[in-house]
1. At 0.36 nm per residue, minus the direct Cα-Cα distance, what do Ser53 and Arg142 gain on full extension? Give it in nm, one decimal, please.
2. How many Å³ per residue does the convex hull of the Cα positions in segment 1-120 occupy?
3. Please report the antiparallel percentage of DSSP beta bridges with both residues in the chain, rounded to the nearest 5.
4. Checking the a/c ratio against 1.5 first, then a/b against b/c, what shape does the Cα gyration tensor give for segment 55-176?
5. To the nearest 10 Å², what's Ser206's accessible area with a 1.4 Å probe?
6. So, with a 1.4 angstrom probe, what is the percent of accessible area on the chain that is carbon and sulfur?
7. Segment 165-215: Rg/Rh from Cα coordinates, Kirkwood Rh?
8. State log₁₀ I(q)/I(0) for the chain at q = 0.16 Å⁻¹ as given by the Debye formula over alpha-carbon point scatterers of equal weight, solvent excluded.
Amino acid sequence: MVLRSPPGVRDLSADRARALAMTPVSRETAARLDDFVPLLLNWQQRTNLIAPSTASQMWTRHIADSLQLLPLAPDARTWVDLGSGGGFPGLVIACALPNTPDARVHLVESNAKKAAFLRESARALKIPALVHAARIEDFVERFPESPDIVTSRGLAPLNQLLAHAEPLLKRGAQGLFLKGQDVEAELTAAAKYWSIEAALIPSKTSAQGRILLVRRAERR
């Protein structure tokens, strides 16, 4: 397979190989992700979806970072991704789920341009993703389902993130939150306001990164 990189971005094939070695997926999922990358980079020229400095590490910095959540919730069917932005992790997760019965990823994004990108990507890739162009607070209050998993990546400090996710966690969802090196300090700060049952899982893509698995969070 020959991967064509857009102007200004070096060849991505080596980065792709490293990412898929870290987070293996089916050939069908890899093909959908191959279609997703040029879509994102084309929209990136008009809308800031990722930090421009990370475009040449698209696969390892963004795609593999998202894919590593899938093995942590192998039986999940209903996912909610808060602040989906450029599609990480929610859109990438949806790329792996078209053959999973009843699977659906709800992408919540209040920015109209980013929501338009997510809709176009979901349509073009034919993946089980539904875009909600809404504020997170409004979405979680009116969402009628009981999701299995709620995700976020770089959205907000943990105290604020738990406030966003609280209605979904109360309905039985577990949280899978991609966090950086300050996550332990965030946990300490959030513990003043929340009783949290959680675990920290090392990231496959960053020595400093952690995945915060929240099993339960209740206000003190």
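The values are calculated or read from the model by the stated rules, or taken from the named source; none is laboratory data. Since the model is a prediction, treat every value here as computed from it, not as a measurement. These accessible areas exclude ligands, DNA and RNA; they are computed on the full protein's heavy atoms, side chains included. Shrake-Rupley method; radii C 1.70, N 1.55, O 1.52, S 1.80 Å.
1. On the way: separation 89, 0.36 × 89 = 32.04 nm, distance 3.71 nm.
Here the segment from Ser53 to Arg142 would lengthen by 28.3 nm.
2. Details: hull volume 12.0 nm³, N = 120.
So the per-residue hull volume is 100 Å³.
3. On the way: 14 of 31 bridges.
Within the chain, antiparallel bridges account for around 45 percent of the total.
4. Working: a/c = 1.30, a/b = 1.20, b/c = 1.09.
Rounded, since a/c falls under 1.5.
5. Its heavy atoms expose roughly 40 Å² to the probe.
6. On the way: 5060 of 10510 Å².
Exposed carbon and sulfur together represent 48 percent of the surface.
7. Details: Rg = 11.3 Å, Rh = 11.5 Å.
With Rh from the inverse mean 1/r over Cα pairs, Rg/Rh is 0.98.
8. Debye curve over Cα of the chain, log10 I(q)/I(0) at q = 0.16 Å⁻¹: -1.09.
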